[in-house]
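Quick notes on the structure that follows.
Derivation of every value follows stated rules applied to the coordinates shown; laboratory data play no part. None of these values were measured; they are calculated from a predicted model. Here the Cβ is made from the backbone with ideal geometry for all residues, glycine too, and neighbour counts use every protein chain on show.
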């Protein structure tokens, strides 16, 4: 299984409603893309202060690396990714991705 962790530095001007809609679109990918086991999304709740400005994010659990690879090119993921990119501070600089085999 693959744990796909995505940390976001969203634009300060993004409203809570816009963030909530983005989270819904991200978690909705579970029902659209085969091989997605689970998706969790939301704001960082750590008290350590080590977020480096990445205070939002999501985690996707995949059945396999192959399922992750299908997800990356799936039209629904691409559409949500474009929305995420437009919502981040600094474009790609506002996104950190870390995949972990579990």
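Helix 75-87 sits at what angle to the longest principal axis of the chain, using alpha carbons and giving 0 to 90 degrees rounded to 10?
That works out to roughly 10 degrees.
What FRET efficiency comes out for residue 101 versus residue 15 if R0 is 41 angstrom and r is the Cβ-Cβ distance? Round to the nearest 0.05.
Details: r = 36 Å, r/R0 = 0.89.
Once the sixth-power term is evaluated, E becomes 0.65.
Which of the peptides 3-9, 90-96 is most tightly packed, and how do the rest follow, judged by the mean count of other Cβ atoms within 10 Å per residue?
Ranking the peptides 3-9, 90-96 by packing returns 3-9, 90-96.
When only Cα pairs under 8 Å and 6 or more residues apart are kept, what is the percent relative contact order across the chain?
47 percent
Pick from 61, 73, 27: which is most flexible by mean-square fluctuation in a GNM of the chain where alpha carbon atoms under 10 Å apart are linked?
Of the options given, 73 has the highest mean-square fluctuation.
Starting from the Cα-Cα distance between residue 81 and residue 66, subtract it from 0.36 nm times their residue separation and give me the gain in nm to one decimal.
3.5 nm
Send over the per residue convex hull volume for the chain, Cα only, as a whole number of Å³.
In the chain, the Cα hull volume divided by residue count equals 96 Å³.
Can you compute the helix-only [θ] at 222 nm over the chain? Use -39500 (n - 2.57) per DSSP H run of at least 4 residues, normalise by all residues, nearest 500 deg cm²/dmol. Intermediate values should be presented prior to the final figure.
On the way: 3 runs with 35 residues, N = 102.
Taken over the chain, the calculation gives -10500 deg cm²/dmol.
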